[in-house]
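What follows is a single structure, written as structure tokens, with notes after it.
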Amino acid sequence: MTKRRTTAARGPKDGIGVTGDLFEQLDAVRDETAHEPARNSGQSDVVAHATSSALSCESPCESSARMLGTLERWVERGWLRTLDGAFPRFLLDEVPEAPPLLLLAAALASHQLGRGHVCLDLQATLDDPAFALSLPPDGPQQPTDEPPVPPAEVLAGVTLTQWLSALDAPGLVGRGPGSTPLVLAGTRLYLRRYWQYEQDVRAGIEARLAQGAQLEAGLPAALARAALDVLFEPRRADAKGADWQKLACALAARSAFSIITGGPGTGKTTTVVKLLALLQTLALGRAQAGGRPLRIRLAAPTGKAAARLNESIAGAVARLPFEALAQQMDAAVLRSAIPTVVTTLHRVLGTRPGSRRFRHDAGNPLPVDVLVIDEASMVDLEIMAAVLDALPPTARLVLLGDKDQLASVEAGAVLGELCNRAREGHYTPASRAWLEAATGERIDAAMLDAQGAPLDQAVAMLRESHRFSSESGIGALAELVNVGDATGVAKIWRHGYADLARLICPAQDDAPLRALVVDGVVKEERDEHDAHEVRESVTQRRGYRHYLATMRALRPAPGAAPEALSEWAAAVLKAHAGFQLLCALRRGAWGVDGLNRRVARILQDEGLIEQSGDWYAGRPVLVTHNDYELGLMNGDIGIALDLPVEAGAPAVLRVAFPAGDGSGGVKWVSPSRLQGVETVFALTVHKSQGSEFTHAALVLPDTYSPILTRELVYTGITRARAFLTLVLPEGRSVLDRAVQAKVQRASGLMAGLALDAAAA
């Protein structure tokens with residue numbers, strides 16, 4: 001007899017019925033370290049298990065009790081999170097006859113969410129069982145214990161048919177809408193909530209793509225051309241290829257959903273500002289006939305990204321040719337209609353304390369006509385679903401981002417999936433004809449596709465970098481990593497690029513790391529094929545001494561005016577952005593935990609900091625949670641400074657943060673009010689997204705981990721504005737493997753007809 005227990009459903013859209021309490025627990029477990037395996041002892045566990053004479057001959061698949069025991073051992077070993085092991089126990093309590101393979105699938109589906117996957121791909125798991133657990137694991141190890149049964153042995157002999165048969169349990173696994181905790185779609189197994197998020201995102205994008213014909217009809221190509229010719233200066237005669245900024249602007253103007261993607265310095269912000277000017281010009285022209293200006297909001301996933309966009313948006317708006325664009329209307333009115341204030345997505349949606357729900361949703365939609373989201377690669381599936389739910393049906397959504405950057409920490413790789421075909425274009429002849437008429441630019445015939453999908457017609461990729469010239473080693477290295485060319489990466493050091501350096505830094509030798517982090521000095525290690533000498537500009541790179549010396553040299557005298565204190569703090573913050581150590585992992589000697597301690601010790605030995613406790617002058621800190629009361633967002637970086645109050649009085653320690661509004665101002669916060677911060681002499685690449693540093697040093701660990709992928713390396717490389725140092729503890733093998741490893745997140749987002757080019 002099936003045992004059932006009823007609990008309140010969380011809401012009509014969630015449809016998770018009996019699993020409401022469980023999903024609240026799932027929400028509570030958001031440990032970033034689940035994404036960052038750092039140790040390789042799990043590999044040796046598997047080998048040891050294969051040779052152990054103490055192995056039991058009983059298969060975990062023989063009974064649910066044995067399967068739970070195996071899952072418990074995986075949790076103890078760090079192969080699964082605690083919550084992943086609790087989930088199948090919950091299901092077995094609900095349905096005592098649940099088969100062992102169903103419990104295994106449930107645990108793995110939960111675990112996949114912690115690794116950024118939206119679902120569990122059953123066939124992929126059978127093809128490579130170890131991948132399901134992302135071995136080696138991260139966490140405490142007990143190497144003296146007998147290792148548990150590895151996933152390859154648990155699944156040995158299991159076929160896809162058998163696994164699908166085990167999932168034929170209507171009380172726990174549904175095939176679509178309903179209240180079961182799990183949903184099976186083909187060979188993909190979802191936790192229901194994430195299946196629903198995927199459905200909502202697909203439906204929201206399809207609905208906006210369907211409005212394209214109506215919007216294009218209301219925007220004659222000649223009208224768009226007149227405005228675009230004012231917004232974009234004519235291309236130089238020697239310019240190669242089409243002006244993709246102009247094409248992207250036109251493409252986005254004819255769609256209620258659009259994506260503008262491109263690498264660093266390709267002009268995404270400039271393009272979107274001109275798009276807003278185009279849309280607002282058209283709207284104000286209609287306003288003279290009784291219409292109104294568009295309500296536009298600008299958002300970014302983190303406070304740091306929002307602050308950066310604030311600065312670049314303000315500059316781009318200031319450069320717009322309002323007088324020429326306005327013509328028959330008031331240029332001042334047009335200028336005021338282009339927003340320059342950027343806020344976080346959470347603030348736009350309206351957070352509710354203690355809840356994952358937002359104030360704005362389908363029942364209380366956002367009062368906007370256009371929503372622009374920058375750094376969209378950082379937006380996970382859940383937040384994207386919330387955005388689409390909160391947008392009015394006729395509102396435009398414009399996504400900006402680099403499709404090749406790391407995906408969000410949480411589940412989903414929305415931007416990357418949607419831009420999967422961006423490089424090749426796949427524009428239909430009809431799209432090409434309209435775009436060329438609206439811009440005067442020519443689209444290469446190689447980018448045409450008579451079968452191009454509706455989504456393809458809404459995605460534009462910017463292709464010309466204005467930050468990295470043809471002489472830039474950073475740009476060249478980023479491109480080689482992007483295409484997975486490990487051989488090219490290995491050879492690039494021979495070219496003598498002035499903005500690139502490579503440093504071999506053994507764990508037992510502090511000297512190379514000390515020279516790098518203190519003064520930015522790199523004594524390059526070159527193999528026998530390297531013919532170049534280190535160029536002089538390499539020695540001009542700065543380390544952390546620069547901002548700490550700035551802190552001391554510019555410190556105002558006691559009793560200084562508040563303005564002088566703010567100017568001092570702004571100078572220190574600017575100097576701090578001159579150098580940043582970036583890591584792939586959190587744990588281990590080459591993760592942020594180990595390197596933060598090591599760098600702090602080095603700086604103290606050099607007399608640059610006085611680390612007498614948790615808080616000290618010069619401590620750089622990263623905000624890890626949004627704090628709306630303090631006006632600080634996840635990702636904000638501040639510096640602790642000892643304020644000289646008055647002569648004879650002890651200094652007061654305060655943390656200075658950039659104001660975040662593009663004004664260059666400073667926000668002062670008492671350390672006692674900062675609950676969610678961590679030291680960031682070393683910063684994970686994930687946390688660095690949305691930031692740029694004059695000199696970035698990317699540190700790779702001494703052993704390979706599954707988190708090391710080309711997307712991570714590319715993201716780390718492109719955080720550098722002027723100089724990049726690649727730190728390799730023990731050689732190049734880890735880098736070679738990382739460049740060849742590409743993120744493949746399990747998802748079914750592209751399965752919809754309107755998004756699937758093959759079915760379009």
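The values are calculated or read from the model by the stated rules, or taken from the named source; none is laboratory data. Keep in mind that what you see is a predicted model, and the values were worked out from it rather than measured. Don't worry about glycine lacking a Cβ; one is built from the backbone with ideal geometry, like all the others, and counts go over all protein chains shown. Heavy atoms of the whole protein, side chains included, go into the accessibility calculation; ligands, DNA and RNA do not. Shrake-Rupley method; radii C 1.70, N 1.55, O 1.52, S 1.80 Å.
Listed values, structure above:
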read-out: Residue identified as at pLDDT below 90, in contact with a Lys or Arg (Cβ under 9 Å, 6 or more places away or on another chain) and closer than 23 Å to GLU436 by Cα among GLY241, GLY178, GLY263, GLY171; value: GLY241
read-out: Matching residues in region 675-687 - criterion: being surrounded by fewer than 19 Cβ atoms within 10 Å (Cβ to Cβ) and not in a strand (DSSP E or B); value: GLN675, GLY676
read-out: Answer residue from region 655-666, given it is within 13 Å of VAL572 (Cα to Cα) and modelled with pLDDT of 75 or more and is most open to solvent (accessible area, probe 1.4 Å) among those; value: PRO658
read-out: For ALA318: the one exception among (1) aliphatic (A, V, I, L, M); (2) without any contact (Cβ under 8 Å) to a residue 12 or more places away in the chain; (3) touching a Leu at 6+ places or on another chain (Cβ under 9 Å); value: (3)
read-out: Which numbered condition SER691 misses (of (1) at pLDDT 85 or above; (2) closer than 30 Å to VAL348 by Cβ); value: (1)
read-out: Options ARG586, ARG597, ARG601; residue that is among the charged types (D, E, K, R), touching a Ser or Thr at 6+ places or on another chain (Cβ under 7 Å) and open to solvent by 10 Å² or more (accessible area, probe 1.4 Å); value: ARG586
read-out: Contacts under 6 angstrom Cβ, first residue in region 610-631 being under 15 Å from SER672 (Cα atoms) and aromatic (Phe, Trp, Tyr), partner open to solvent by 50 Å² or more (accessible area, probe 1.4 Å) and part of a loop (DSSP other than H, G, I, E, B), 6 or more apart; value: TYR616/GLU610
read-out: Residue that is farthest from GLY116 (Cα to Cα) [pool: residues in region 412-432 that are of a type in the set (A, V, I, L, M) and surrounded by 24 or more Cβ atoms within 10 Å (Cβ to Cβ)]; value: LEU418
read-out: Matching entry among GLU233, GLU206 (being under 27 Å from ASP121 (Cα atoms) and out of contact with any strand residue (DSSP E or B) (no Cβ under 8 Å at 6 or more places or on another chain)); value: GLU206
read-out: Among residues of region 330-344, those that are more than 29 Å from the chain's Cα centre (by Cα) and open to solvent by less than 50 Å² (accessible area, probe 1.4 Å), counted; value: 3
read-out: Leading residue by the ranking (most open to solvent (accessible area, probe 1.4 Å)) among those in region 541-569 that are touching a helix residue (DSSP H, G or I) at 6+ places or on another chain (Cβ under 6 Å) and closer than 27 Å to LEU724 by Cα; value: ARG545
read-out: Scope region 58-111; condition among the aromatic types (Phe, Trp, Tyr), open to solvent by less than 20 Å² (accessible area, probe 1.4 Å) and either more than 16 Å from VAL149 (Cβ to Cβ) or assigned to a helix (DSSP H, G or I) (or both); matching residues; value: TRP74, PHE87
read-out: Which numbered condition ARG225 fails, given (1) touching a strand residue (DSSP E or B) at 6+ places or on another chain (Cβ under 7 Å); (2) of a type in the set (Lys, Arg); (3) open to solvent by 60 Å² or more (accessible area, probe 1.4 Å); value: (1)
read-out: Any pair with Cβ under 6 angstrom, 6 or more apart, that starts in region 435-450 at a residue that is under 17 Å from ALA250 (Cβ atoms) and in contact (Cβ under 8 Å) with a residue 40 or more places away in the chain and ends at one that is basic (Lys, Arg) and open to solvent by 30 Å² or more (accessible area, probe 1.4 Å); value: ALA438/ARG225; ILE443/ARG432
read-out: Whichever residue in region 710-731 is over 13 Å from CYS583 (Cα atoms) and not small (Gly, Ala, Ser) and, among such residues, is nearest to the chain's Cα centre (by Cα); value: GLU711
read-out: Qualifying residues in region 249-273 (those that are of a type in the set (Val, Ile, Thr) and within 20 Å of GLY440 (Cβ to Cβ)) - the one most open to solvent (accessible area, probe 1.4 Å); value: THR270
read-out: Near pairs, Cβ below 9 angstrom, 6+ apart or cross-chain, from region 345-365 (closer than 15 Å to ASN634 by Cβ and open to solvent by 50 Å² or more (accessible area, probe 1.4 Å)) to any residue that is assigned to a loop (DSSP other than H, G, I, E, B) and among the aliphatic types (A, V, I, L, M); value: HIS346/MET633; ARG347/MET633
read-out: Residues satisfying the stated conditions in region 223-242, i.e. part of a loop (DSSP other than H, G, I, E, B) and either of a type in the set (Val, Ile, Thr) or touching a helix residue (DSSP H, G or I) at 6+ places or on another chain (Cβ under 7 Å) (or both); value: PHE232
read-out: All positions within region 274-329 that are at pLDDT 75 or above and surrounded by fewer than 15 Cβ atoms within 10 Å (Cβ to Cβ); value: ARG292, GLY315, ALA318, ARG319, PRO321, GLU323, ALA324
read-out: Verdict on ALA571 being over 23 Å from ILE707 (Cα atoms) and not in a loop (DSSP other than H, G, I, E, B); value: yes
read-out: Where LEU435 falls short, out of the listed (1) open to solvent by 30 Å² or more (accessible area, probe 1.4 Å); (2) closer than 23 Å to PRO220 by Cα; (3) aliphatic (A, V, I, L, M); value: (1)
read-out: Unmet requirement for PHE87, which otherwise passes all of (1) at pLDDT 80 or above; (2) touching a Ser or Thr at 6+ places or on another chain (Cβ under 6 Å); (3) farther than 24 Å from TYR197 by Cα; value: (3)
read-out: Filtered residue count, region 469-487, keeping only those that are out of contact with any strand residue (DSSP E or B) (no Cβ under 6 Å at 6 or more places or on another chain), over 24 Å from ARG421 (Cα atoms) and of a type outside the set (S, T, N, Q); value: 1
read-out: Filtered residue count, region 110-150, keeping only those that are at pLDDT 85 or above and either over 27 Å from GLY591 (Cα atoms) or aromatic (Phe, Trp, Tyr) (or both); value: 9
read-out: Hits in region 155-179 - residues which are surrounded by fewer than 22 Cβ atoms within 10 Å (Cβ to Cβ) and of a type in the set (Val, Ile, Thr); value: VAL158, THR159, THR161
read-out: Residue among ASP642, ASP636 that alone is of a type in the set (Asp, Glu), within 27 Å of THR302 (Cβ to Cβ) and open to solvent by 10 Å² or more (accessible area, probe 1.4 Å); value: ASP636
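Residue-by-condition table, conditions (1) farther than 15 Å from LEU275 by Cα; (2) assigned to a strand (DSSP E or B); (3) touching a Leu at 6+ places or on another chain (Cβ under 9 Å):
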{"position": "VAL372", "(1), (2), (3)": "no, yes, yes"}
{"position": "GLU382", "(1), (2), (3)": "yes, no, no"}
{"position": "ALA385", "(1), (2), (3)": "yes, no, no"}
{"position": "PRO392", "(1), (2), (3)": "yes, no, yes"}
